[in-house]
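Engineer: Below are the structure tokens for one structure; questions will follow.
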Amino acid sequence: EAVRALWRCHYPGEHRLILIDNSSEDFEDKKWLEDNCHFYIRSYRNLGSAVAYNLGINMARTEYVTITSDDARLVHKQWFEDTKKIIEQSGEDNVVSLSNLFLHKVAPEDVYQSDKRYTLEEYAELSRKYGSGASWDFNFACALGKKETFLKAGGFPEDTYIYAIDAEFMKEAEKNNIRTVQSGGVVFHYGDASHKGRLVEAGKYQQTGVLE
């Protein structure tokens, strides 16, 4: 679904999708993923998010690199254009993340619809309602920066617990004079791609965060 959401709002000819499959299990959509990614890498075991991010960054042959996890749902290509502008106009080395839009914290009518193509107006309204505005905070579901900036920041800490990766990355980036920024745009974030993510996708994770 993350790949479907990506191609729903981005033209494949303009991007190169490198997918690091950390699932280490067989699943029926594997062939579909192979056919819909430019590079599909299957690891022999779960190497962790930081290793996957670093591998993708080093493989990339583009000026800009976007890091996104499999529990992110990208709504509109405008977030990409807006984020590039933030980086280009700042005149500094920035890595920019988007405000996380957790599905169990939004109004029922605003929950992500997997079969919908969001218009620019609809995405702008979601950003207005739920975007936190620009800040020096940093949250991971989706982040964009120049390849050289990610490398200068030192990459992602591969020996760090998954939910501490963003904080450790921020700390090391600052040491290397890289600013980590959160923009006012939004990206739907399922919270995680494991049990809770599946419950959200199945409509069984309620607004209160309590299971049925």
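Engineer: Conditions first: (1) open to solvent by less than 60 Å² (accessible area, probe 1.4 Å); (2) at pLDDT 85 or above; (3) in a loop (DSSP other than H, G, I, E, B). ASP192 passes all but one, so which condition is the exception?
Structural biologist: (2)
Engineer: Here is a follow-up. Give the residues of region 9-19 that are open to solvent by less than 60 Å² (accessible area, probe 1.4 Å) and out of contact with any strand residue (DSSP E or B) (no Cβ under 9 Å at 6 or more places or on another chain), sorted by residue number.
Structural biologist: The answer is CYS9, HIS10, PRO12, GLY13.
Engineer: Among the residues of region 60-73, what is the count of those that are of a type in the set (A, V, I, L, M, F, W, C) and over 8 Å from the mean Cα position of the chain (by Cα)?
Structural biologist: 2
Engineer: Related question: Which ones in region 125-139 are at pLDDT below 80 and more than 18 Å from ASN176 (Cβ to Cβ)?
Structural biologist: Within region 125-139, GLY131, SER132, GLY133, ALA134, SER135, ASP137, ASN139 meet the criteria.
Engineer: Give the residue, chosen from ARG198, ARG179, that is open to solvent by 30 Å² or more (accessible area, probe 1.4 Å) and at pLDDT 75 or above.
Structural biologist: Just one listed residue meets the conditions, ARG179.
Engineer: Within the set of pairs 6+ apart or on separate chains, which have a first residue in region 3-16 that is over 16 Å from VAL65 (Cα atoms) and touching a residue at least 40 places away in the same chain (Cβ under 8 Å), a second that is buried (at least 16 other Cβ atoms within 10 Å of the Cβ) and of a type in the set (Gly, Ala, Ser), and C-beta atoms under 8 Å apart?
Structural biologist: ALA5/ALA72
Engineer: Those residues that are open to solvent by 50 Å² or more (accessible area, probe 1.4 Å) and under 15 Å from the mean Cα position of the chain (by Cα), I need them from region 85-102; list them, please.
Structural biologist: PHE102
Residue-wise test of (1) open to solvent by 40 Å² or more (accessible area, probe 1.4 Å); (2) at pLDDT 85 or above.
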| residue | (1), (2) |
| --- | --- |
| ASP21 | no, yes |
| ASP26 | yes, no |
| ASP29 | yes, no |
| TYR40 | yes, yes |
| SER43 | no, yes |
| ASN58 | yes, yes |
| VAL65 | no, yes |
| LEU74 | no, no |
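Engineer: Which strands (runs of 3 or more DSSP E) sit wholly inside region 17-131 and have at least 2 residues that are more than 26 Å from GLY154 (Cα to Cα)?
Structural biologist: Correct list: 94-102.
The values are calculated or read from the model by the stated rules, or taken from the named source; none is laboratory data. What you see is a predicted model, and the numbers here were worked out from it, not measured in a lab. Here Cβ is always computed from backbone atoms with ideal geometry, including for glycine, and neighbour counts include all displayed protein chains. Keep in mind that these areas ignore ligands, DNA and RNA; they rest on the heavy atoms of the full protein, side chains included. Shrake-Rupley method; radii C 1.70, N 1.55, O 1.52, S 1.80 Å.
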